[in-house]
Amino acid sequence: MPEKFSSIEMLDKLISFDTVSRNSNLPIIEFIKDYLHSFGIESNLVYNSDKTKSNLYANIGPSEVGGVILSGHTDVVPVDGQNWNSDPFKIKEIDGKIYGRGTCDMKGFIAICLALVPDMLDAKLNRPIQLAFSYDEEVGCIGAPFMIKEMSKNLPKASCAIVGEPTLLKLVDGHKASIGLDTEVTGYEVHSSLLPSGVSAIMTASKLVNWITNKTEENQNKTPRDLDKLFNPPFTTLHVGKINGGTASNITAKKCIFSTDIRCLPLDDGEKIIEEYKKYAEMIDSQNKEIRPESNIAITRHHWVPGLKPENDGVAESLVRKLTGDNSTGKVSYGTEAGQFQEEGYSTVICGPGSIEQAHQANEFLSRDQLNKGTDFIRSIINEHAN
């Protein structure tokens, strides 16, 4: 007999897997695969290039078009340097709050979906429910695109997708694009007393960082359009989150590397921003090469997560409004795989239990109330697809 779990029992099981993005997620994927197999449901795995991580997708119910995709990511952010009051990889409930890394973002949603698999089978669905669980969402939604393409080819086309990121079960129909850049500056080392004859990678990088800062200030000073006003903040942001370089204060730095995170409004052109940045970098690089031809500026893109665009009464929006009674419209600035589903032709929204304010924090939690309401929400989806 297959083992059945309540939502909180399944959440406890999922939290026990340390799926910080730097680790393999195969143990949790194998658990989910075996769990689904115990109910006669076959899973499809889509591995990364070195087979250390995998997506998983499955079709529950008939092989008919018109079903719904329930999507979530299996990876979580690190706990390094955070001051937790309990073991982050074991749930602990205190005063109606369930603590643990990933309870909110977003193993709570996945736990609910898995716990209700027996209900999906008992309901004798006439339209399928498709599960889609990805890897490396937290480092740029890297895994999901491969899974989505495979689902589009191999499964009956779903009418919509619901991404269960924490929204307090409110409808979110739009989010910014997320673009990640790495800039590596190569200079030429000389003693700092001979500064003009060398090229400092750090001082060159400072010019590029200053351009990034000025670009954000320029965006902030623009008059926001109507759609922009629905986002917080209502402008495209560029942010340098990591920087490293140099060997000593009296040597011009040979290397400086920094990473840039761009959160781009749906109506702004991310490619244009990158081209403007590259053009400025080429100008600085040309000036440096006049001093030392060995110097260089290399810019690489490590992720591009498309934004989620409002669909104006799309299938996904209509379904969630019907089941939740939520007539509000939400926009968020964080990125998800929702835009990737939308690009592949699926009507998509975001709706899941928990608050994004708890995500990535020490003592991350999901309230028992949100877990229960999320369970009711998925039950309502099951009922809708059995009618």
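The values are calculated or read from the model by the stated rules, or taken from the named source; none is laboratory data. This is a predicted model, so every value here is computed, not measured. Positions of Cβ are generated from backbone atoms using ideal geometry, with glycine treated the same way; all protein chains shown enter the neighbour counts. Keep in mind that these areas ignore ligands, DNA and RNA; they rest on the heavy atoms of the full protein, side chains included. Shrake-Rupley method; radii C 1.70, N 1.55, O 1.52, S 1.80 Å.
Rounded, prolate or oblate: pick one for the range 286-360, where a ≥ b ≥ c are the square roots of the eigenvalues of its C-alpha gyration tensor, a/c under 1.5 means rounded, and failing that, prolate if a/b is larger than b/c, else oblate. Prolate shape, in that a/c is at least 1.5 and a/b is the bigger ratio. Sparse packing (at most 15 other Cβ atoms within 10 Å of the Cβ) combined with a DSSP loop state is found for the following GluC sites (Glu not before Pro) in the range 1-51: Glu3, Glu42. Sorting the segments 346-352, 243-249 by their mean number of nearby beta carbons within 10 angstrom, highest to lowest, gives 346-352, 243-249. A simple count of charges around Tyr334, restricted to other residues whose Cβ falls under 13 Å of its Cβ and scoring Lys, Arg +1 and Asp, Glu -1, yields -4. The radius of gyration of the Cα set in the range 333-387, together with its Dmax, comes out at 14.2, 42 angstrom.
With coordinates expressed along the principal axes, the C-alpha atoms belonging to the range 1-40 extend over 35, 21, 9 Å, beginning with the largest. Protein heavy-atom accessible surface, 1.4 Å probe, per residue over the range 261-332: 54 Å². Rounded if a/c is under 1.5, else prolate if a/b is larger than b/c, else oblate: which is the range 1-141, with a ≥ b ≥ c the root eigenvalues of its Cα gyration tensor? Oblate. Take every Cα pair under 8 Å whose residues are at least 6 apart in sequence, average their separation, divide by the length of the chain, and the relative contact order is 25 percent.
As a length-normalised measure over Cα pairs under 8 Å and 6 or more apart, the relative contact order of the range 136-249 settles at 17 percent. The HN-Hα couplings worked out from phi for the range 200-207 by the Karplus form 6.51 cos²θ - 1.76 cosθ + 1.60 (θ = phi - 60°) are 8, 5, 5, 5, 5, 4, 4, 5 Hz, whole numbers, x standing for Gly and Pro. With the gyration tensor restricted to C-alpha atoms of the range 176-294, the semi-axes of the equivalent ellipsoid amount to 33, 13, 11 Å, longest first. Separation of the range 68-101 from the range 255-285 is 34 Å, based on Cα centroids. Based on C-alpha pairs under 8 angstrom that are at least 6 apart in sequence, the range 1-78 has a relative contact order of 33 percent. Think of it as helices only: each DSSP H run of n ≥ 4 in the chain is worth -39500 (n - 2.57), and spread over all residues that comes to -10000 deg cm²/dmol at 222 nm.
In sequence order, the range 93-106 has phi-based couplings of 9, 9, 6, x, 10, 9, 8, x, 5, x, 4, 8, 10, 9 Hz under the Karplus curve 6.51 cos²θ - 1.76 cosθ + 1.60, θ = phi - 60°, and Gly or Pro positions carry x. Just the Kirkwood number for the range 80-228, please: inverse of mean 1/r across all distinct Cα pairs, in Å, one decimal. Evaluated on the range 80-228, it is 21.3 Å. When each of the peptides 94-105, 289-300, 353-364 is scored by how many other beta carbons lie within 10 Å of its residues on average, the order from highest to lowest is 94-105, 353-364, 289-300. Measuring against 23 Å, Cα to Cα, the residue pairs Lys170/Lys242; Lys107/Lys170; Lys13/Lys322 contain Lys170/Lys242; Lys13/Lys322 as the ones spanning a longer distance. In terms of the Cα gyration tensor, with a ≥ b ≥ c the square roots of its eigenvalues, is the range 106-169 rounded because a/c is under 1.5, prolate because a/b exceeds b/c, or oblate? Because a/c hits 1.5 or more and a/b fails to exceed b/c, the range 106-169 counts as oblate. Largest to smallest in accessible area, the residues Leu131, Leu26, Leu195 fall in the order Leu195, Leu26, Leu131 (1.4 Å probe, all protein chains included). Each residue of the range 16-28 was assigned a 3J(HN,Hα) from its phi angle through the Karplus expression (A = 6.51, B = -1.76, C = 1.60, θ = phi - 60°), giving 5, 8, 7, 9, 3, 4, 6, 9, 5, 9, 4, x, 6 Hz with x at Gly and Pro.
An ellipsoid equivalent to the chain, defined through the eigenvalues of its Cα gyration tensor, has semi-axes of 43, 23, 19 Å when rounded to whole angstrom and sorted largest first.
Global dimensions of the range 249-339 from alpha-carbon coordinates: Rg and Dmax equal 21.1, 66 Å. For the chain, the fraction of 1.4 Å probe accessible surface lying on carbon and sulfur atoms is 50 percent. In whole angstrom, the range 308-350 maps to an equivalent ellipsoid with semi-axes of 17, 13, 8, each derived as √(5λ) from the alpha carbon gyration tensor and ordered largest first.
Using a cut-off of 29 Å between Cα atoms, the listed pairs Lys222/Lys254; Lys207/Lys229; Lys222/Lys309 include Lys222/Lys254; Lys207/Lys229 as exceeding that distance. The protection proxy used here, the mean number of other Cβ atoms lying within 10 Å of each residue, ranks peptides 71-80, 201-210 as follows, highest first: 71-80, 201-210.
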